[in-house]
Amino acid sequence: MRRLGAVQAQEFETTLWSLGRRTGESRAEVLAQFSQGEFVRTHALRQTWHFVHRDDLTTAQAATAHRVHRSNLAQYRREGLEGPTLSKAARVVTDAVGDGPQTRARIRQRLDTAGIPTTGFRLGILLMWAELQCLVVSGPPEGRQQTYVAFPDRSLPDREEATVRLAERYFSSHGPATLDDFTAWSSLTKTAARQALAALPMQSERVGDADWLWLGEPSDAPWAAPQVELLNTYDEYVSGLSAAGKRWLDHAGLWAERSGTPIGVVTVDGQLAGHWRRVATAKRVDVDVLPLRSFSRAERAALTANAETYGEFLRLRASVHLRPLR
């Protein structure tokens, strides 16, 4: 996670798998680190949830919170969340988490008691505002409920310094990538992004109509084809690129003329090959795969192996159902 900078995480369970796949840890091990505060789930970079390592939290918020606030302005105004209301809400939320981890329901009760309505989307928007203001972050889960705790360290770095750090993390882990990829991922302006890149020893190469940028040396570690991966829809390999950048993951145009957000993404040797979803019970997990092209025998074997790895992550017995090609 520290290598990636931040990990998009509105799909909580499958984002745990994104981490487990990269680290070799089980769901229980990843979740234990989350519960201990090694990383948090908060709104940062964009108007969505992200997992962020606790040591990088101030960097992410110092660099991008102002941009997310800007994107949220219309919602703040629509919900009447301005001036005195926000100041009062800040005091209520800060007092609440000062008493220990608080669920959304308990925070809602405190706000309602203080005369701050939380109907509709108002509570969620208020809590996002509090996260961006560095008042609260996620705490240890209570069963299936997320809790909030006080922000651990409000001494934020300088914004320009934080932006350089964020760019360094992004291009070290997501590169080669374009300037547009980075600004889409971080919500930063191109001006701010260019200023950050000017402070780093970037490498670049012109491919097609874009300049592709990276930091460090490409890995020459050997790997055996076919490499099949069951990715979270919002895995950084997918969501870490702009719309234009994603076309490099689908040279065959398999997603062309389709609409909507796909379910989980199946890649073969880094290229889109299908989609998947999981059906889990107490003892087993079924991996249901919708192919977008035919799979060779070797690819089917690699798919089964990756599904078994997913089962080991969950500590469940896994099976694969590969649907007929339409």
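The values are calculated or read from the model by the stated rules, or taken from the named source; none is laboratory data. None of these values were measured; they are calculated from a predicted model. Quick reminder, even Gly has a Cβ in these numbers, built from the backbone with ideal geometry, and neighbours come from all protein chains shown. Calculation scope for accessible area: heavy atoms of the full protein, side chains included, ligands and nucleic acids excluded. Shrake-Rupley method; radii C 1.70, N 1.55, O 1.52, S 1.80 Å.
Side notes on the structure shown:
- Residues (part of a helix (DSSP H, G or I) and not basic (Lys, Arg)) located in segment 97-112: 97, 98, 105, 107, 109, 111, 112
- Exclusive hit being of a type in the set (A, V, I, L, M), open to solvent by 20 Å² or more (accessible area, probe 1.4 Å) and touching a residue at least 40 places away in the same chain (Cβ under 8 Å), set 241, 249: 241
- Among residues of segment 87-114 that are among the acidic types (Asp, Glu), those with a beta-carbon under 7 Å from a residue that is open to solvent by less than 60 Å² (accessible area, probe 1.4 Å) at least six positions away or on a different chain give the pairs 112/118.
- Looking at 58, 15, just one residue is touching a Leu at 6+ places or on another chain (Cβ under 6 Å) and part of a helix (DSSP H, G or I), and that residue is 58.
- Residue list for segment 19-58, restricted to those being of a type in the set (Gly, Ala, Ser) and touching a helix residue (DSSP H, G or I) at 6+ places or on another chain (Cβ under 7 Å): 20, 26, 37, 44
- When 69, 43 are screened for being at pLDDT 95 or above, within 19 Å of residue 185 (Cβ to Cβ) and surrounded by fewer than 17 Cβ atoms within 10 Å (Cβ to Cβ), only 69 passes.
- Residue match in segment 231-250 (condition: over 22 Å from the mean Cα position of the chain (by Cα), at pLDDT 85 or above and not in a strand (DSSP E or B)): no
- Checking 265, 320 one by one, the residue that is of a type in the set (Val, Ile, Thr), open to solvent by less than 30 Å² (accessible area, probe 1.4 Å) and in contact with a Ser or Thr (Cβ under 9 Å, 6 or more places away or on another chain) is 265 and no other.
- Residue, least open to solvent (accessible area, probe 1.4 Å), within segment 18-31, restricted to residues that are assigned to a helix (DSSP H, G or I) and hydroxyl-bearing (Ser, Thr, Tyr): 18
- Scanning segment 6-15 for residues that are crowded, with 16+ Cβ neighbours inside 10 Å and either over 10 Å from the mean Cα position of the chain (by Cα) or of a type in the set (Phe, Trp, Tyr) (or both) yields one hit, 14.
- The strands (runs of 3 or more DSSP E) located wholly in segment 144-220 that include 1 or more residues which are open to solvent by less than 60 Å² (accessible area, probe 1.4 Å) and in contact with a strand residue (DSSP E or B) (Cβ under 6 Å, 6 or more places away or on another chain) occupy 147-150, 210-214.
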